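First the structure, in the form of structure tokens, and then the observations on it.
The values are calculated or read from the model by the stated rules, or taken from the named source; none is laboratory data. On a predicted model such as this, the values are computed, not experimentally measured, just so you know. Cβ placement follows ideal geometry from the backbone for every residue including glycine, while neighbour counts extend to all protein chains displayed.
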Amino acid sequence: MTHVIHEETENGLAAYAPYVNEMNLWLKHVDTVEVVAPLQASNAKKQTLSTAYKHRSISLSQIPEFSLVGIRNGFKTLIKLPKVAYKIWRSCKKADHIHLRCPGNVGLVGCVVQIFFPSKTKTAKYAGNWDPKSKQPWSYRLQKRILSNTFLTKNMKVLAYGDWPNQTKNVLPFFTATYSEIEKTAISLRPLNDTVRFMFVGTLSVGKRPVLAAEIIARLHKEGHQVRMDVYGEGEMRDDLMQFIQLNNLEEVIMLHGNRSKEEVSKAYKNAHFVFLLSRSEGWPKAIAEAMFWGAVPVATEVSCVPYMLDNGNRGILIAPNISAAIEEITQLFNKKERYLQMAEAAMQWSRQYTLEKFETEIKKLL
């Protein structure tokens with residue numbers, strides 16, 4: 001069960017591609033599947049980055065979308081909640097294995113409903129920030145408390161990104177993957193000569209801070225460094241980003257490519273020196289794991305499990321979310337070219353442990 005919006009396509013039931021691609025690995029090991037999720041209206045615009053499930057016996061138990069933000073939405077949710085809870089309960093009763101996708105509104109209801117099925121085997125993929133010290137919405141904190149409470153939550157493995165101290169026995173450090181073993185081809189690391197290439201990959205949203213990345217590049221360029229940034233992704237901040245580029249005459253320095261295929265982005269990673277991740281919140285940021293796979297060094301904020309992924313600065317640059325701090329850290333590495341290559345090598349070796357084959361092996365152990 002998930003809050004991810006689904007749609008009916010000519011290829012079958014479909015949803016956001018990164019989510020479905022991962023779920024297809026889970027579904028390879030089960031006979032029948034019932035997805036509990038909202039369904040997009042038939043007259044709505046088709047989703048971008050959507051792909052279909054690959055399973056011979058899959059069905060959808062449709063539930064309405066709902067929100068817990070705002071008083072008006074709260075009242076609407078109270079009306080919808082009995083139907084949502086009943087459909088989730090009905091699906092849980094029929095299932096041999098219950099799988100929750102958290103955090104999210106549907107995940108919150110699922111966390112409560114699963115309490116009434118203590119004997120069934122269960123897994124929960126917590127795709128957000130599990131850091132116990134982070135500031136999060138109350139609904140996220142509540143989901144984490146229910147999932148990690150072994151009195152309320154029985155027979156469940158909770159998959160959390162990162163290795164956090166003082167967790168209950170049912171919380172397991174986990175990961176996700178993009179590339180397979182056969183894609184672990186040899187690649188030459190790029191020395192810091194001539195133009196230094198940066199990438200930004202992800203949704204162009206306020207939480208991802210794409211304009212901050214552009215401001216860092218603008219400052220480096222102004223200080224005389226030969227730099228370039230390629231931006232892959234779309235979102236509500238695109239116009240702001242474009243305006244910043246035009247006002248600062250950076251059309252030859254910062255390139256906006258929009259959404260591109262995995263193959264195109266992977267090709268760009270192979271030529272990049274650095275990748276930005278300046279998010280306010282994250283789960284397991286695939287953009288930096290993918291970039292590290294090809295020897296690009298992350299420049300990232302200390303959020304969620306990112307310090308764990310970067311070995312506290314040995315596999316990437318950890319920065320505070322401001323221009324001066326980023327410039328200082330980056331330029332220091334510009335002046336330590338051997339250190340940069342060591343960091344790129346360490347990043348690549350670490351990321352290449354987490355392949356799709358390893359991911360699927362770990363999933364098999366859970367089902």
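Among the residues of segment 329-367, those identified as crowded, with 17+ Cβ neighbours inside 10 Å, hydroxyl-bearing (S, T, Y) and farther than 16 Å from N193 by Cα are S351, Y354, T355.
Screening E251 with (1) in contact with a helix residue (DSSP H, G or I) (Cβ under 9 Å, 6 or more places away or on another chain); (2) under 28 Å from N24 (Cβ atoms) gives one miss only, at (2). Screening V231, V227, V253, V171 for residues that are out of contact with any Leu (no Cβ under 6 Å at 6 or more places or on another chain) and assigned by TED's automatic domain parsing to the domain that holds N271 leaves exactly one candidate, V253.
Among the residues of segment 175-218, the one identified as among the charged types (D, E, K, R), closer than 26 Å to E252 by Cβ and either surrounded by fewer than 17 Cβ atoms within 10 Å (Cβ to Cβ) or modelled with pLDDT under 95 (or both) is D194.
Within segment 272-301, no residue that is of a type in the set (S, T, Y) sits with its Cβ atom under 6 Å from a residue that is assigned to a strand (DSSP E or B) and surrounded by 24 or more Cβ atoms within 10 Å (Cβ to Cβ) at 6+ positions apart or across chains. Are any of the residues in segment 63-86 assigned to a helix (DSSP H, G or I) and touching a residue at least 40 places away in the same chain (Cβ under 8 Å)? No, segment 63-86 contains no residue that is assigned to a helix (DSSP H, G or I) and touching a residue at least 40 places away in the same chain (Cβ under 8 Å). Only residues that are touching a helix residue (DSSP H, G or I) at 6+ places or on another chain (Cβ under 7 Å) and either assigned to a loop (DSSP other than H, G, I, E, B) or without any contact (Cβ under 8 Å) to a residue 12 or more places away in the chain (or both) were counted across segment 1-49, and they come to 6. Here V112 meets each of (1) within 21 Å of W284 (Cβ to Cβ); (2) surrounded by fewer than 23 Cβ atoms within 10 Å (Cβ to Cβ) with one exception, condition (1).
When C102 is tested against (1) surrounded by 18 or more Cβ atoms within 10 Å (Cβ to Cβ); (2) in contact with a Pro (Cβ under 9 Å, 6 or more places away or on another chain), exactly one condition is not met: (2).
For segment 219-240, filtered to residues that are within 21 Å of the chain's Cα centre (by Cα) and either assigned to a helix (DSSP H, G or I) or of a type in the set (V, I, T) (or both), the residue that is surrounded by the fewest Cβ atoms within 10 Å (Cβ to Cβ) is R238. Screening the candidates K93, K125 for the property of being in contact with an Asp or Glu (Cβ under 9 Å, 6 or more places away or on another chain), basic (K, R) and not in a loop (DSSP other than H, G, I, E, B) yields one hit, K125. The condition of being out of contact with any helix residue (DSSP H, G or I) (no Cβ under 8 Å at 6 or more places or on another chain) and not in a loop (DSSP other than H, G, I, E, B) holds for only one of R145, R101, that being R145. Among the residues here, N149 does not qualify as surrounded by fewer than 15 Cβ atoms within 10 Å (Cβ to Cβ) and in the same structural domain as H257 (by TED's automatic domain parsing).
Determine whether Y140 is within 26 Å of the chain's Cα centre (by Cα) and outside the structural domain of V303 (by TED's automatic domain parsing). Yes, satisfied.
Based on what the data block shows, is T123 within 30 Å of R260 (Cβ to Cβ) and hydroxyl-bearing (S, T, Y)?
No.
Does at least one position in segment 261-268 carry a residue that is under 21 Å from L212 (Cβ atoms) and crowded, with 24+ Cβ neighbours inside 10 Å? For segment 261-268, residues under 21 Å from L212 (Cβ atoms) and crowded, with 24+ Cβ neighbours inside 10 Å: absent.
Being among the polar types (S, T, N, Q) and in contact with a Gly (Cβ under 9 Å, 6 or more places away or on another chain) is the filter here, so list the residues in segment 1-33 that pass it. Selection gives T2 alone.
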